[in-house]
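Novice: Before we start, here is the structure in question, set down as structure tokens.
The values are calculated or read from the model by the stated rules, or taken from the named source; none is laboratory data. Everything quoted here is computed from the prediction, not taken from an experiment. Here the Cβ is made from the backbone with ideal geometry for all residues, glycine too, and neighbour counts use every protein chain on show. The protein model used for the area step is the full one, side chains on, heavy atoms only, and it has no ligands, DNA or RNA in it. Shrake-Rupley method; radii C 1.70, N 1.55, O 1.52, S 1.80 Å.
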Amino acid sequence: LLFGFSPLVLSGLSSGWLTMYIAVPPLIVACLDELFIRQRRRPVAVGAVLGGLVVIQFFISTEVLAITAVTVSIGVVVIAAYAALRSPHDLRRRARHAGPGAAIALLVAVPLLAYPVWFALAGPAHLSGRVWPGVPPGYFGTRFSSFLQLDSTAEATVQMRRFGAYEGTAFHQAEYVGLGLLAVVIIGTVTWRRDRRLWLFGSVGAISVTLCLTSLTQVNHFWVPWRVLGHVPVIQNILPIRFVAMTFLCVGVMLALIVDHVHGSVLQLGERASGRSSEPPATSRPRRWSHRKLLLARSGAAVAGLAVSLIALVPIASTYAGNLPLTMQPVVLPQWFASVAPNLAPGQVILTYPPVFGGI
């Protein structure tokens with residue numbers, strides 16, 4: 001839900017980028033989690049689903065697929081490096097399970113995407129080089145401060161006010177995370193530091209933040225990855241700001257894990273206070289515990305989890321005030337397209353004014 005209703009998605013909707021943020025990446029990550037970590041289901045079936053999701057994402061948005069591939073590669077490297085140092089035997093065991101699934105994913109995705117990828121990169125009238133001529137690589141990015149504070153002068157905010165598809169709507173910058181969510185993930189990671197999943201998604205999320213940073217020296221006066229990625233073919237055409245999709249995906253997983261930890265810890269404390277314990281009694285005589293106290297413990301655990309969620313999400317949700325609900329404007333087809341256009345000779349190129357996409 002945090003990914004699907006993040007500032008990134010809502011700001012994209014207000015600009016008409018409907019295909020950019022359909023929630024396929026979370027499903028891809030779920031398949032990888034099952035294939036490499038949980039390993040409860042048949043790897044062949046999981047691999048087939050994973051390959052199908054890759055194909056679907058290619059036809060929805062190749063840019064998002066490239067962003068997901070870069071981020072997933074980082075996550076796999078982090079997991080493999082950690083496992084190689086801490087438990088090489090476990091790494092080999094898991095690799096034997098995941099190998100067939102990964103092979104099936106390739107067998108599904110490669111044949112189905114071979115021609116479409118060729119058509120996009122080398123086919124007739126294909127785009128070569130950079131698709132945003134005149135714009136320096138890594139231009140449409142952000143800076144660290146924009147993740148924590150609203151900036152009405154941010155490039156994305158200015159563009160949405162100018163070209164937004166919804167009258168009167170000007171969502172804040174897509175990368176706004178807020179202090180509440182940042183505090184929750186940091187404190188939660190420190191508190192439950194033995195949960196390696198928090199460290200995994202925290203490290204990948206931190207790297208995705210650096211990938212959102214613009215390479216312009218007048219904005220970020222330090223080295224950023226896009227000073228290298230801006231020269232890598234295909235990857236150079238990604239808009240850096242869109243890596244924030246992976247940031248929200250990572251912090252969404254972290255928030256869910258932390259809320260679950262809070263709920264479980266409070267429930268455990270409540271059960272102990274009510275006289276109920278998961279440990280077997282020392283004697284054969286059963287322990288008596290109050291049903292009412294147990295209900296209070298469960299209610300307290302639910303309230304604690306809700307409270308943590310509100311601390312994380314209210315600062316983000318409050319910035320939507322005045323912009324919801326989205327008020328759509330009807331699109332009326334000009335009479336010329338209905339009466340004249342169908343009778344034109346084939347092969348003509350029509351230039352409309354104003355342009356369909358007002359940002360160019």
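Novice: Where in the chain are the DSSP H helices whose alpha-carbon span along the long axis reaches 20 Å or more and whose Kyte-Doolittle mean is at least 0.5?
Specialist: 43-60, 62-86, 88-122, 196-211, 244-273, 291-318
Novice: Using only Cα positions of the chain, each an equal point scatterer, no hydration layer, compute I(q)/I(0) via Debye at q = 0.09, 0.12 Å⁻¹ and quote the log10 values to two decimals.
Specialist: Scattering profile of the chain, log10 relative to I(0): -0.65, -1.07.
Novice: Now a separate question. Mind checking which of Leu113, Leu255, Leu50 has the largest fluctuation in a GNM of the chain, springs on alpha carbons under 10 Å?
Specialist: Leu113
Novice: Build a GNM of the chain with springs between Cα atoms under 10 Å: which of Val224, Val78, Val332 gets the top mean-square fluctuation?
Specialist: Val332
Novice: Continuing with this model, one more query. Taking only Cα atoms and a 10 Å spring cutoff, compute GNM fluctuations for the chain and point out the largest among Phe243, Phe222, Phe140.
Specialist: Evaluated over the chain, the most mobile residue of the options is Phe222.
Novice: Looking at segment 33-79, which trypsin sites (Lys or Arg not before Pro) are in a loop (DSSP not H, G, I, E or B) and have at most 10 other Cβ atoms within 10 Å?
Specialist: Arg40
Novice: Multiply the residue separation of Trp199 and Leu127 by 0.36 nm, subtract the distance between their alpha-carbon atoms, and state the gained length in nm to one decimal. Walk me through the intermediate numbers first.
Specialist: Working: separation 72, 0.36 × 72 = 25.92 nm, distance 3.93 nm.
Extending this stretch completely gives an extra 22.0 nm.
Novice: I would also like to ask the following. Using the Kirkwood radius over C-alpha pairs as Rh, can you work out the diffusion coefficient of segment 34-120 via Stokes-Einstein at 10 °C, viscosity 1.306 mPa s, in µm² per second?
Specialist: Values: Rh = 13.9 Å.
D = 114 µm²/s.
Novice: Hey, if we sort His126, His291 by accessible area with the 1.4 Å probe, largest down, what's the order?
Specialist: His291, His126
Novice: Counting only helical runs of four or more DSSP H residues, what would the 222 nm mean residue ellipticity of the chain come to if each run contributes -39,500 (n - 2.57) and the total is spread over all its residues?
Specialist: On the way: 12 runs with 200 residues, N = 360.
So the helix-based figure for the chain works out to -18500 deg cm²/dmol.
Novice: I'd like to know which of Ala338, Thr210, Val228 lies farthest towards the positive end of the charge dipole of the chain, counting +1 on Cβ of Lys and Arg and -1 on Cβ of Asp and Glu.
Specialist: Thr210
Novice: Heads up, I need the accessible area for Tyr115: 1.4 angstrom probe, whole protein in place, Å², nearest 10.
Specialist: 140
Novice: Using every pair of alpha-carbon atoms in segment 169-218, split the distances into 5 Å bins beginning at 0 and state the percent of pairs per bin, rounded to integers.
Specialist: Spelled out per bin, shortest first, that is 4, 16, 20, 23, 16, 11, 7, 3, 0.
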